[in-house]
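What follows is one structure encoded as structure tokens, with my remarks underneath.
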Amino acid sequence: MLTRKNKLFFLKLLSLFSVVRGYNILVIVLAQYFTSIFILAPDKSVREVFFDPNLFVIVLASSGVIAAGYIINNFYDREKDLINRPQKTMLDRLVSQRTKLTGYFVTNFLSVVFASYVSFRAVVFFSLYIFGIWFYSHKLKKFPIIGNITAALLSITPFFAVFIYYKNFDEVIFVHATFLFLMLIMREMIKDLGNLRGDLAQNYKTIPIVYGEKTSKTIISILIIASLVPIYLLLFKYEVGYMYLYFYACVFLLLLFLIGLYMSNGKIHYVWLHNILKLIILTGAFCIVLIDVNVILDKVFR
């Protein structure tokens, strides 16, 4: 039987995992590798990509910076999150603020050290990424529009790291990135709608607070329409293999999302809408393998 001390230790580990959003980082790591294998380096075997030490270091550095970003975001938002997400916040508080800050600096330092293994440009890239996350958490996230755009850009930055590494400039990659970017902006705006109480209490100037919920919903609707452009291009202009099934499903889910958006008037509704966007983003990461189903086994055993 676990002693009280051991139980507290495991609770603190769970708290730390919650603070750094370990599940999100795992998804990003898998998405980076899937993107490298099926989009950025289609001519290389799985073995070549998976055992590429430079790519491994880039993914490792990305994971470290992202984890540190969640820590500093949690540090700055502790009062707001106590209002918006009281249960999660109480779990997160099992780890002291001092420990969180120590983890933030150590993780960022190690990420830059890892990046130095690849090149000096990688060090500069991840240093700027670290600064961007801090500046967003400290200042930009409190402002409407620019905060949402910055959050979305920072979310796709890990993919730009592997994109720059492989130097693959095919148009289809930018179309995929545009679709993901639009989903991420909508997710940030839905989060703002669901976090009205905490944002008001902490004087955050988000879009629904400054311009109203109706304006926020109108902007999200425009973004949904805009997202149909990259979906159309990926379905009818570029070869995406069996991933076309995913994009048709996205059209259905976005239609369902749009209907739900104008029927929503409370936090629980916005949580459901947020989950729809999370589903689109999460399944998109795994559906990348559908681009080249016919050669998956060949790539694995080559």
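The values are calculated or read from the model by the stated rules, or taken from the named source; none is laboratory data. In this text, all values refer to a predicted model and were calculated from it rather than measured experimentally. Positions of Cβ are generated from backbone atoms using ideal geometry, with glycine treated the same way; all protein chains shown enter the neighbour counts.
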When residues of segment 117-136 are limited to those that are of a type outside the set (A, V, I, L, M) and surrounded by 17 or more Cβ atoms within 10 Å (Cβ to Cβ), the one nearest to Ile164 (Cα to Cα): Phe125
Has segment 224-236 got any residue that is touching a His at 6+ places or on another chain (Cβ under 9 Å), free of Cβ contacts under 8 Å to residues at least 60 places away in the same chain, assigned to a helix (DSSP H, G or I) and not polar (S, T, N, Q)? yes
Expected single match for surrounded by fewer than 19 Cβ atoms within 10 Å (Cβ to Cβ) and either closer than 30 Å to Tyr238 by Cα or touching a Pro at 6+ places or on another chain (Cβ under 7 Å) (or both) among Leu110, Leu153, Leu182, Leu140 is Leu153
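Given the condition touching a Ser or Thr at 6+ places or on another chain (Cβ under 7 Å) and among the hydrophobic types (A, V, I, L, M, F, W, C), answer yes or no: does some residue in segment 56-63 qualify?
Yes, that holds for at least one residue.
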Hits in segment 206-223 - residues which are within 22 Å of the chain's Cα centre (by Cα) and in a loop (DSSP other than H, G, I, E, B): Thr206
In the list Phe10, Phe34, Phe38, Phe17, which residue meets the criterion of being at pLDDT below 85 and either under 24 Å from Ile133 (Cβ atoms) or among the basic types (Lys, Arg) (or both)? Phe17
For segment 133-144, indicate whether the set of residues that are assigned to a loop (DSSP other than H, G, I, E, B), among the aliphatic types (A, V, I, L, M) and farther than 30 Å from Ile291 by Cβ is non-empty. no
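Do you know which residues across segment 234-259 are surrounded by 14 or more Cβ atoms within 10 Å (Cβ to Cβ) and more than 23 Å from the chain's Cα centre (by Cα)?
Leu235, Tyr238, Gly241 - these are the residues of segment 234-259 that are surrounded by 14 or more Cβ atoms within 10 Å (Cβ to Cβ) and more than 23 Å from the chain's Cα centre (by Cα).
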Checking the conditions here, which among Tyr242, Tyr246, Tyr262 is of a type in the set (Ser, Thr, Tyr) and under 15 Å from Ser221 (Cα atoms)? Tyr262
